[in-house]
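Below is one structure, written out as structure tokens, with a few remarks after it.
The values are calculated or read from the model by the stated rules, or taken from the named source; none is laboratory data. Being a predicted model, the structure only gives us computed values, none of them experimental. Neighbour counts are summed over all protein chains in view; Cβ atoms, including those assigned to glycine, are modelled from backbone coordinates with ideal geometry.
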Amino acid sequence: MTPGELLDKLETVVIGKRQQALWLLVALIAGGHVFIEDVPGVAKTRMVRALARLLQLSFARIQATPDLLPSDITGGMVYDPSRHSLEFRPGPIFRQMILVDEINRATPRSQSALLESMEEAQVSIDGTTYPLPRPCLIVATANPVEMSGTFPLPEAQKDRFFLSFSMGYPTLEEEQQMAYQLSHSDPVHDLTGEISPEQVIAWQKRAQSVRVSRAVNDYIVALVRETRDHPQVLLGASPRSVVQWIRALKAYVWLNEETFATPDHVQALMPVILGHRLIIQGGPRQNVLYERKRVVQEILEDIVSKVSVPVENLS
């Protein structure tokens, strides 16, 4: 099964969300993680579960609550009475696809338990480092409507997410099709593994063959640096975003069955790469998601208009 066929299959159970499914696949192949911020009931969990089932990846769902402890995520040392010793018992973070639902309901202490996992693909417990399985994709969700009892994600953690996007409401036709489909049976239960984890790792290696020219590389750097000087931006994108952008770019180009990156590919990724990293000067915050998206989009369009687009030596 090709990546395109995989997306076709996924779209039969998560109707009208092909673009969002593509972003998930980009992050997985690039070795990154995803932050999905949207209202309840728009198929965030459904899409992640369906993708894990199609890829035969081990799956865990962590429901973030104020009483969630770091050890509930990473695991910890547990006494084994039969051996009279402490042994490490891995937590749900040691699955290949992890959904952290409503991450902003967890305390900062528990949120920070994800930082090492996201950046270094490992967990350190009592001086011992345990590598996470490969491939590994952490998907965190947040509800922007209910702010009571939540803890905003620190910028350091947001910056570790490769991509961020929202699901959006379905169109009239999509919602009608979804209602009819689910009134008979849920096709997600009929999904079977079509691709093995080993094949996903092979995809990750193939994506590395995509050519990113020096001109495209410099174009990304110029766009990121422009975010730091924009009058509406209090804090622009970090140097880490440049590295993550290039890795995501290779995955995105490969999934589009092309061999080298162009400025069009760069611009297509720009909203999902930079949207969650910018702190807007005196602008709307997380609790008005769609208004913030509109302002960020205007800022990004302004930045694109100011940076010269390379036209030579792209391949």
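Quick notes on this one:
- The range 183-194, residues that are part of a helix (DSSP H, G or I) and under 27 Å from the mean Cα position of the chain (by Cα): 187, 188, 189, 190
- Test: residue 247 is touching a residue at least 12 places away in the same chain (Cβ under 8 Å) and over 23 Å from residue 18 (Cβ atoms): no
- Test: residue in the range 173-192 that is buried (at least 19 other Cβ atoms within 10 Å of the Cβ) and in contact with a helix residue (DSSP H, G or I) (Cβ under 7 Å, 6 or more places away or on another chain): no
- Within the range 125-147, restricting attention to residues that are more than 15 Å from the chain's Cα centre (by Cα) and at pLDDT 90 or above, the residue that is surrounded by the most Cβ atoms within 10 Å (Cβ to Cβ) is 132.
- Selected residue (only one of 272, 243, 221, 304 is part of a helix (DSSP H, G or I), surrounded by fewer than 13 Cβ atoms within 10 Å (Cβ to Cβ), of a type outside the set (S, T, N, Q) and at pLDDT 90 or above): 243
- Taking (1) aliphatic (A, V, I, L, M); (2) touching a Pro at 6+ places or on another chain (Cβ under 8 Å); (3) under 27 Å from residue 238 (Cβ atoms) in turn, residue 57 satisfies each apart from (3).
- Any hit, the range 38-52, residues being in contact (Cβ under 8 Å) with a residue 12 or more places away in the chain and within 17 Å of residue 273 (Cβ to Cβ): no
- Exactly one residue out of 240, 225, 211 is over 30 Å from residue 12 (Cα atoms), free of Cβ contacts under 8 Å to residues at least 12 places away in the same chain and basic (Lys, Arg): that is 225.
- With a requirement of 2 or more residues that are under 17 Å from residue 137 (Cα atoms) and in contact with a helix residue (DSSP H, G or I) (Cβ under 8 Å, 6 or more places away or on another chain), the strands (runs of 3 or more DSSP E) lying completely within the range 18-112 that satisfy it span 34-37, 59-63, 97-101.
- Flag for residue 157 being under 22 Å from the mean Cα position of the chain (by Cα), surrounded by 12 or more Cβ atoms within 10 Å (Cβ to Cβ) and part of a helix (DSSP H, G or I): yes
- Verdict on residue 57 being in the same structural domain as residue 114 (by TED's automatic domain parsing), touching a Leu at 6+ places or on another chain (Cβ under 6 Å) and crowded, with 21+ Cβ neighbours inside 10 Å: no
- Of the residues examined, residue 120 is one that is under 22 Å from residue 162 (Cβ atoms) and in the same structural domain as residue 178 (by TED's automatic domain parsing).
- Just one residue in the set 27, 50 is at pLDDT below 95, of a type in the set (Gly, Ala, Ser) and in contact with a Leu (Cβ under 7 Å, 6 or more places away or on another chain); that residue is 50.
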